[in-house]
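In what follows, a single structure is set out as structure tokens and then discussed.
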Amino acid sequence: MPLKTRPLHDKFGVEILDVDLRRLDDAQASEIEALWILHPVLLIRDQLLDEQEQVEFSQRFGKINLHVRTDIRSRSNPEVVLISNLRTEAGANIGALASGEASWHMDSCYKPDPDTGCFLYAVEVPATGGRTSWANLQLAWDSLPARTQESVENLRGEFAYQIYSVDKQTEKGLDGIRTRTPDVVHPMVLSEPRTGRKGLYLDPMQTFGIEGMTPEHSEPILDELKAAATQADLVWEHSWKRGDLVMWDNARVLHRREPFDENVPRLLKRTTIFMPQDKYPTPQAASAKR
């Protein structure tokens, strides 16, 4: 029997209903993959996953990735990154982002070989605050004037690692990370391999320039593209509940998180994968075509 679904937003995203990811069979996994190819964001509620089960589910869709920061990885499963404001007895954060706002960004674009598939699973979340939003980069491309599309289609953006959180509490583990992740360039427009549908590929925080352009020439272009990428009507906002799993395609959406009460515990677990280039738009595939 086909999986039941309902839309998350009138323009993109799907919630998959009545499925237990611990008992997923190959046919259901194939259905989920087919949905993910069509929809860059999927929501699956009411799950009860341990870390290994989350890793195994993620691996059904691509090769698993290890985050460049070792300090935010789970000790028992290094493929899992902890997103949390929880602290050790010594007062150190156990994971990334703490309780502050995380501005619009995409994960991993600062690497020469970005992992594009993300899975975020809610273990403990506050009743209010901490909502996460996704903005559709393909719809943003569609909204651009034809002259802008023509002018940016073959450009390459310059990307660098940035800290997403504006929380005043300094995150540890960042020493030398810009040395370990030197600046890179990626195509600013990606195409789906099967349909040719195009979308922007840029990060409002981590795309700092355009290859071959001076800042005075690149900044107005980037400002226009970043504004298009985060238009309110192209955004889906999610209020988390325990047991929610959201999976999204970093090459097709941006995401951000609202702040929340630092005294309320919040713990989410993230895994990331390298999505197959023959099924999804990826910066690797776009670079290979140049």
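Can you pull out the residues in segment 31-54 that are surrounded by 20 or more Cβ atoms within 10 Å (Cβ to Cβ) and touching a Ser or Thr at 6+ places or on another chain (Cβ under 8 Å)?
GLN54
Look through segment 87-103, keep the residues that are aliphatic (A, V, I, L, M) and touching a strand residue (DSSP E or B) at 6+ places or on another chain (Cβ under 6 Å), and return whichever of them is surrounded by the fewest Cβ atoms within 10 Å (Cβ to Cβ). Steps first, answer last, please.
So in segment 87-103, the residues aliphatic (A, V, I, L, M) come out as 90, 92, 94, 96-98, 102.
Then drop every residue that is not touching a strand residue (DSSP E or B) at 6+ places or on another chain (Cβ under 6 Å), which leaves 94, 96-97, 102.
Working: ILE94: 16, ALA96: 23, LEU97: 23, ALA102: 22.
The extreme case among them is ILE94.
If I filter segment 16-30 for residues that are without any contact (Cβ under 8 Å) to a residue 24 or more places away in the chain, surrounded by 13 or more Cβ atoms within 10 Å (Cβ to Cβ) and either in contact with a Leu (Cβ under 6 Å, 6 or more places away or on another chain) or more than 29 Å from ARG194 (Cα to Cα) (or both), do I get at least one hit?
no
Might you let me know whether segment 208-220 holds any residue that is at pLDDT 95 or above, charged (D, E, K, R) and closer than 28 Å to LEU35 by Cβ?
Checked segment 208-220: no residue is at pLDDT 95 or above, charged (D, E, K, R) and closer than 28 Å to LEU35 by Cβ.
Does PRO193 qualify as being crowded, with 22+ Cβ neighbours inside 10 Å, modelled with pLDDT of 95 or more and not charged (D, E, K, R)? First the steps, then the outcome.
Numbers: crowded, with 22+ Cβ neighbours inside 10 Å: no; modelled with pLDDT of 95 or more: yes; not charged (D, E, K, R): yes.
So PRO193 does not fit the description; no.
From PRO276, PRO265, PRO283, PRO259, which residue is within 23 Å of SER58 (Cβ to Cβ), surrounded by fewer than 19 Cβ atoms within 10 Å (Cβ to Cβ) and either at pLDDT 95 or above or not hydrophobic (A, V, I, L, M, F, W, C) (or both)? Full working, then the answer.
Working: PRO265 fails: within 23 Å of SER58 (Cβ to Cβ); PRO283 fails: surrounded by fewer than 19 Cβ atoms within 10 Å (Cβ to Cβ); PRO259 fails: within 23 Å of SER58 (Cβ to Cβ).
After ruling out the rest, the residue left standing is PRO276.
With farther than 30 Å from LEU21 by Cα, surrounded by fewer than 18 Cβ atoms within 10 Å (Cβ to Cβ), within 22 Å of the chain's Cα centre (by Cα) and in contact (Cβ under 8 Å) with a residue 24 or more places away in the chain as the only criterion, which of SER151, SER133, SER143 stands out?
Details: SER151 fails: within 22 Å of the chain's Cα centre (by Cα); SER133 fails: farther than 30 Å from LEU21 by Cα.
Unique residue meeting the criteria: SER143.
The values are calculated or read from the model by the stated rules, or taken from the named source; none is laboratory data. No experiment lies behind these values; they were computed from the predicted model shown. Quick reminder, even Gly has a Cβ in these numbers, built from the backbone with ideal geometry, and neighbours come from all protein chains shown.
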